[in-house]
Amino acid sequence: MSRISGPDLFRRKPSALTEVRNLQSEPRPVVFFAEDASDWLHIGSLADHLETLGCSVLRLTADPNDSIITTRRGVHIGGTVAATQLFLRLPPCVVVMTMTDLGTYHLKRSVNDVHYVYVFHSLLSTHRAYRAKAFDSYDSILCATPYHVAELEKASTIRDIRPQVLHNIGYCRLDNLISKSSKSSTDNGGAPRVLVAPTWGPSSLIEFGIDSVIRNLLDSSIQVTLRFHPMSVRHQKDIYHRYIAMFGNNPLFTLDSSYASSATLVESDLVLSDWSGAAHDFALGLLRPAIFVDTPQKAHNDNYSQLDIECYEDVVREDLGALVGVHQADSLPDVVTSLIDERVEWRKRLELLRDQVLFNPGNAVQAAAKQVLNLIT
């Protein structure tokens, strides 16, 4: 029986940097990077489509538990130090990401000529829901809505931003939901199914009586699926245990932690949220109404008013469904019933709205792929 000895005993997988360098010898190479597994909901379909067009795609991830590592030969970039060094040393290439604040924290632009492409992971406006310089380090930005274009163009006149090209692309995330919407129906004749999806931070429904909201829905025989924002889970380590302890014994309650999946969205009749972008994904992707609880505005840029541009989420919020006050939790079961009873009319309204506020609804991935191909050929 032979034994492994010598150098073979310590043989390791190629480093992420080696993988990127090796990619450069492949036809039409492009690198995709995800901060965590949920990012593939926004950039995964684009990576897959480019492969069908003959591109060589390398998938990098900062999430050691990302299934992309085993299912799509993805490469984990290591911890903070390794990731920092990798980004600084990336060879000339095209990198597609949905991570904001490139250059602000530990992940910086490469010292080499790397072209960074940003894909939106939310429809929310760029100047209030994000930090002031969230998009400044990107070379190409694939805008989802005319609001994004107007905001970023205005920002470039106010601040000294590197030259950027803005493309009217659409929202890649919605392509998959739109395809599922046309093939599914929520009229199952059973109890209404509500997805409760709070945002994170001071404006989150978590800070404004989400316990009462859930309890009122459950007491009215309404099924509730609770899906926290990943940042809430990151900053509140015990949050799952708290809500399982409160509601876990109720057969109508489910807690969803599968951020890389759209299953709970597709299976729900409507969404209940605050300022979360996920509610917009649900309503415009699946053409099912949303309920917004009117918590304080979600703002990560105190100077957003300098742009003097109305935020997309302020303009369309009530057009997506219903808006209720933070002290009106008792009314929510009736609002749920009313919206579900009018589901056919809401589908028509939301489809019209989608066509008005989005570029290329249902075809964003194809439009994005065309722009990336222009960069790598």
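The table below lists the values:
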{"read-out": "Positions within the stretch 27-64 being farther than 21 Å from residue 100 by Cα and part of a loop (DSSP other than H, G, I, E, B), in sequence order", "value": "27, 28, 53, 54, 55"}
{"read-out": "Residue ID - surrounded by the fewest Cβ atoms within 10 Å (Cβ to Cβ), chosen from residues in the stretch 132-149 that are part of a loop (DSSP other than H, G, I, E, B) and at pLDDT 95 or above", "value": "139"}
{"read-out": "Filter pass, residue 216 being touching a residue at least 12 places away in the same chain (Cβ under 8 Å), part of a loop (DSSP other than H, G, I, E, B), in the same structural domain as residue 318 (by TED's automatic domain parsing) and not charged (D, E, K, R)", "value": "no"}
{"read-out": "Residue within the stretch 93-103 that is in a loop (DSSP other than H, G, I, E, B), acidic (Asp, Glu) and without any contact (Cβ under 8 Å) to a residue 60 or more places away in the chain present", "value": "yes"}
{"read-out": "Cβ-Cβ under 6 Å pairs, at least 6 apart or on other chains, the stretch 1-28 side on the phi < 0 side of the Ramachandran plot and assigned by TED's automatic domain parsing to the domain that holds residue 55, far side at pLDDT 90 or above and part of a loop (DSSP other than H, G, I, E, B)", "value": "16/77; 21/91"}
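So that you can scan it fast, the table gives a plain yes or no per residue for (1) part of a helix (DSSP H, G or I); (2) of a type in the set (S, T, N, Q); (3) crowded, with 16+ Cβ neighbours inside 10 Å; (4) assigned by TED's automatic domain parsing to the domain that holds residue 42:
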{"position": "292", "(1), (2), (3), (4)": "no, no, yes, no"}
{"position": "315", "(1), (2), (3), (4)": "yes, no, no, no"}
{"position": "323", "(1), (2), (3), (4)": "no, no, no, no"}
{"position": "338", "(1), (2), (3), (4)": "yes, yes, no, no"}
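So that you can scan it fast, the table gives a plain yes or no per residue for (1) within 20 Å of residue 215 (Cβ to Cβ); (2) touching a residue at least 60 places away in the same chain (Cβ under 8 Å):
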residue	(1), (2)
304	no, yes
311	no, yes
320	no, no
325	yes, no
328	yes, no
335	yes, no
341	no, no
344	no, no
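The values are calculated or read from the model by the stated rules, or taken from the named source; none is laboratory data. A quick note: this is a predicted structure, and the numbers were derived from the prediction, not measured. As a convention, Cβ positions derive from the backbone with ideal geometry for all residues, glycine included, and neighbour counts pool all protein chains shown.
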